[in-house]
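Below is one structure, written out as structure tokens; the observations come after it.
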Amino acid sequence: MAKDNLNKVFLSASIPYPDRDKKFYDTADIVSIRDAVRALATVVIPKAHLIWGGHPSITPLIRFVLERMDIDLKKHVTLYQSLFFEDKFPKDNFAFENIVLTPKEEGLVESLATMRKSLIEDNEFKVGVFIGGMEGINDEYEIFVKAHPEAIILPMASTGAASKFLYDRFEQNLDKRLLKDYAYMALFRDFLKDFI
């Protein structure tokens, strides 16, 4: 668990795989997913603390942003990763100072559940941002809203995939810019201005 006085922003994101549930892959806007993750990291990291569960399509994007910042902000990011994937850790993982490794359980589903529970319940989040994603987005959303009922939820529907399905569930209560606005940098600055 990260210890600092910065507000914490939770990121749930991934780029869907074509060989998994087709509804996520077929509706995903991969360019928008990458743009949104980079914009979120750029807006959050200098002023707050970004925390996410390691995914091989997302972690390199955050590393890319972090490495291009003028000052050392490694304490502003925390990566959670399950030891289930220990033999497949991408080298990007080792660029982060704060890495929380959660136990390897009997199988993949159990290991991911342990990682997600620790990631979400061991931190005090003000905001949850959901970008692209597959079925894990839904799992993380359900844990997140129970653990942080007062937090702001931002399902970035414009990125498609699981985030669009999540947005559709609550559309009447959500800002329409989440669906139609691709100016992610300005969008995150606007939505997060009271939290970072």
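The values are calculated or read from the model by the stated rules, or taken from the named source; none is laboratory data. For clarity, every value in this text was computed on a predicted model and none was experimentally measured. We place every Cβ from the backbone using ideal geometry, glycine too, and count neighbours over all the protein chains shown.
A few comments on the model shown:
- Residue in region 69-86 that is in a loop (DSSP other than H, G, I, E, B) and over 17 Å from Ala48 (Cα atoms) present: no
- Restricting Phe96, Phe130 to those that are at pLDDT 95 or above and crowded, with 17+ Cβ neighbours inside 10 Å reduces the list to Phe130.
- Residue among Ala162, Ala147, Ala151, Ala113 that alone is within 19 Å of Val37 (Cα to Cα) and not polar (S, T, N, Q): Ala162
- Looking across region 139-165 at every residue that is part of a helix (DSSP H, G or I), of a type in the set (A, V, I, L, M) and surrounded by fewer than 21 Cβ atoms within 10 Å (Cβ to Cβ), the one that is farthest from the chain's Cα centre (by Cα) is identified as Ala147.
- Cβ-Cβ contacts under 8 Å between residues 6 or more apart (or on different chains), taken from a first residue in region 162-182 that is under 15 Å from Ile152 (Cα atoms) to a second residue that is assigned to a helix (DSSP H, G or I) and at pLDDT below 95, are listed as Ser163/Ile137; Leu166/Ile137; Leu166/Asn138.
- Of all the listed residues (Leu79, Leu50), the sole one being closer than 24 Å to Leu179 by Cα, free of Cβ contacts under 8 Å to residues at least 60 places away in the same chain and surrounded by 23 or more Cβ atoms within 10 Å (Cβ to Cβ) is Leu50.
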